[in-house]
Amino acid sequence: MTEPILQVKDLSVYYEKKKALNEVTIEFQPEEITALIGPSGSGKSTLLKAINRMGDLNPEVTTTGSIYYNGHNIYSPRTDTVELRKEIGMVFQQPNPFPMSIYENVVYGLRIKGVKDKAVLDEAVERSLIGASIWDEVKDRLHDSALGLSGGQQQRVCVGRVLATEPKIILLDEPTSALDPISAGKIEETLYELKNRYTMLLVTRSMQQASRISDKTGFFFDGKLIEFNDTKEMFLNPQNEQTEDYITGKFG
């Protein structure tokens, strides 16, 4: 068994007094897609935000417990959150390209790092957009505004923007829920092709999506991790009655 790349231990997250995550412990292996499923408000997106330390930006959020990335507790005072977010990238539910060209969207993180060499930036744009399965669609219009693209194309540019900083982990918060089925299918194919290079955590409402592309699945309910297992095993043979009820659509 390989060492986990990410270990969450006894993690609780509070929004003021409301407990959004309740002592969650879970491990993620490198180069796997883990689907996080469960009804709205069950804590899935809260977990992603905690891994990216996005709660730091909200004074109402309190976090207890620990998250180890490559053996280092990311909640240690020594953690550089800017560096952390280069290693752990995030793609959101709504495509959120910046109001600038496709090219500048992709190199944004590299420019923040101080990269100025045009050849390096050009190579990163091509590599990242190929990785995001959109290079052929946009290679002749890299200097057009990314806002002129369709929703599905914008989301793939956002995936490219994350890939450009060469992260180790990609967090995806319902990345296809705002897209039409064809665009959603393209994003799914992209993620599947990327999984041998990255560790991915995917929050999804779609049981079909979770069963199609993930290696492991965690089922959350009311802030707790109810069950965590290989995806095939969980979908064919859930160990918990709540998990079975959710997967078979008895509630949601």
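Read-outs: derived from the displayed coordinates by stated rules, not from any lab. Note that this is a predicted model, so its numbers are computed, not measured. Here the Cβ positions follow ideal geometry from the backbone for every residue, glycine too, while neighbour counts run over all protein chains shown.
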Subject >> Cross-chain or 6+ apart pairs with Cβ under 7 Å, segment 7-19 first and farther than 22 Å from N70 by Cβ, then part of a loop (DSSP other than H, G, I, E, B) >> reply: Y15/E60; E16/E60; K19/G223
Subject >> Residue that is nearest to K232 (Cα to Cα), among those in segment 173-219 that are among the hydrophobic types (A, V, I, L, M, F, W, C) and surrounded by fewer than 17 Cβ atoms within 10 Å (Cβ to Cβ) >> reply: I182
Original post:
When you scan segment 235-252, how many residues do you find that are under 14 Å from A210 (Cα atoms) and among the aromatic types (F, W, Y)?
Top reply: 2
Subject >> Residue pairs meeting the criteria (Cβ under 7 Å; at least 6 apart or on separate chains; first free of Cβ contacts under 8 Å to residues at least 40 places away in the same chain and on the phi < 0 side of the Ramachandran plot, in segment 74-101; second part of a loop (DSSP other than H, G, I, E, B) and among the charged types (D, E, K, R)) >> reply: I74/R53; T81/R53; L84/R53
**OP:** Taking the options K17, K49, name whichever one is among the basic types (K, R) and surrounded by 14 or more Cβ atoms within 10 Å (Cβ to Cβ).
**Re:** K49
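Kindly provide the set of residues from segment 139-156 that are among the aliphatic types (A, V, I, L, M) and either surrounded by 23 or more Cβ atoms within 10 Å (Cβ to Cβ) or touching a strand residue (DSSP E or B) at 6+ places or on another chain (Cβ under 6 Å) (or both), ordered by number. Show your work before the answer.
As a first pass, look at segment 139-156 and keep what is among the aliphatic types (A, V, I, L, M): 142, 146-147, 149.
If the condition is that a residue be among the aliphatic types (A, V, I, L, M) and either surrounded by 23 or more Cβ atoms within 10 Å (Cβ to Cβ) or touching a strand residue (DSSP E or B) at 6+ places or on another chain (Cβ under 6 Å) (or both), then A146 is the only one that fits.
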Subject >> I170 vs. criteria surrounded by 19 or more Cβ atoms within 10 Å (Cβ to Cβ) and aliphatic (A, V, I, L, M) >> reply: yes
